[in-house]
Amino acid sequence: MSDSKPHHVVGVEFLKQNGVDVDELIEELKKNAAVEFVAYYYFTNLRSFCTGMDGEGIKGVIEDARLEDLSHFESCIDRIFQLGGEFPKDIVDFCKSAGADFLQSDKSTTLNEILEKCLKAEQGAIINWNKVCQMTHGKDPMTYDIAASILAEEIEHESWFLELLDGRPSGHMRRRYSGERPHTSKHSRSLDSL
């Protein structure tokens, strides 16, 4: 590596010319990456408390959402670096930025409470990814495609938990396999061997 000044990044300059606040976008993507990573972690824990006959069906739905949240985390990593961003050096700081302490639970957490926690997480993710869509629509097609793909899956996840909580009909069809990621598979390859 040389000590010369950094190269001009044409891809970022075009985004700025299109009206994208690249620094703000990087921060939103980092926050959303943290939310998805932490949701994956907490959903892993929540799933373990879904016991008994009723819990088995719920466990499968949480598993689908959990693996897709991992895909969401991985879907935005490359884009953060392409835009010139970095992840925090400290994993604790990274996880704290997610603000997802509400997902903590233990064996006394009821199935209904687990579903409420999952619903709240999905609804927060919808708000977060919609914001990125609004920031990038018509200005940054690459980031918009990633955010819109994630948003589509988060909206599906919300409908799954609303179906379980409210008994409302939904178009929910179980995934062919856990981790299928119908919208984000093009952005994340880590689960391809499932």
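The values are calculated or read from the model by the stated rules, or taken from the named source; none is laboratory data. In this text the structure is predicted, and so the values were computed from the model without any measurement. As a convention, Cβ positions derive from the backbone with ideal geometry for all residues, glycine included, and neighbour counts pool all protein chains shown. Just the protein is used for accessible areas: all its heavy atoms, side chains included, with ligands, DNA and RNA removed. Shrake-Rupley method; radii C 1.70, N 1.55, O 1.52, S 1.80 Å.
Here is a yes/no grid of residues against (1) under 15 Å from D69 (Cα atoms); (2) outside any loop (DSSP other than H, G, I, E, B); (3) of a type outside the set (S, T, N, Q); (4) within 19 Å of the chain's Cα centre (by Cα):
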{"position": "K117", "(1), (2), (3), (4)": "yes, yes, yes, yes"}
{"position": "Q123", "(1), (2), (3), (4)": "yes, yes, no, yes"}
{"position": "N130", "(1), (2), (3), (4)": "no, yes, no, yes"}
{"position": "T143", "(1), (2), (3), (4)": "no, yes, no, yes"}
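Taking the stretch 129-147 as the range and being within 23 Å of V38 (Cα to Cα), surrounded by fewer than 20 Cβ atoms within 10 Å (Cβ to Cβ) and touching a helix residue (DSSP H, G or I) at 6+ places or on another chain (Cβ under 8 Å) as the test, the residues that pass are N130, K131, C133, Y144.
(1) at pLDDT 90 or above; (2) in contact with a His (Cβ under 8 Å, 6 or more places away or on another chain): which one isn't true of T184, the others all being true? Among (1) at pLDDT 90 or above; (2) in contact with a His (Cβ under 8 Å, 6 or more places away or on another chain), the lone unmet condition for T184 is (1). Within the stretch 104-120, the set of residues being hydrophobic (A, V, I, L, M, F, W, C) and either free of Cβ contacts under 8 Å to residues at least 12 places away in the same chain or open to solvent by 20 Å² or more (accessible area, probe 1.4 Å) (or both) comprises L111 only. If you check E24, E63, E36, E68, which single one turns out to be touching a residue at least 60 places away in the same chain (Cβ under 8 Å), of a type outside the set (A, V, I, L, M, F, W, C) and closer than 16 Å to Y144 by Cα? Going through E24, E63, E36, E68 in turn, just one is touching a residue at least 60 places away in the same chain (Cβ under 8 Å), of a type outside the set (A, V, I, L, M, F, W, C) and closer than 16 Å to Y144 by Cα: E24.
Taking I155, is it under 15 Å from K31 (Cβ atoms) and either assigned to a helix (DSSP H, G or I) or of a type in the set (S, T, N, Q) (or both)? Talk me through it step by step, then tell me what you get.
Details: under 15 Å from K31 (Cβ atoms): no; either assigned to a helix (DSSP H, G or I) or of a type in the set (S, T, N, Q) (or both): yes.
Against the criterion (under 15 Å from K31 (Cβ atoms) and either assigned to a helix (DSSP H, G or I) or of a type in the set (S, T, N, Q) (or both)), I155 does not qualify.
Counting only helices (runs of 4 or more DSSP H) that fall entirely inside the stretch 15-103 and contain at least 3 residues that are open to solvent by less than 60 Å² (accessible area, probe 1.4 Å), the qualifying elements are 22-48, 52-82.
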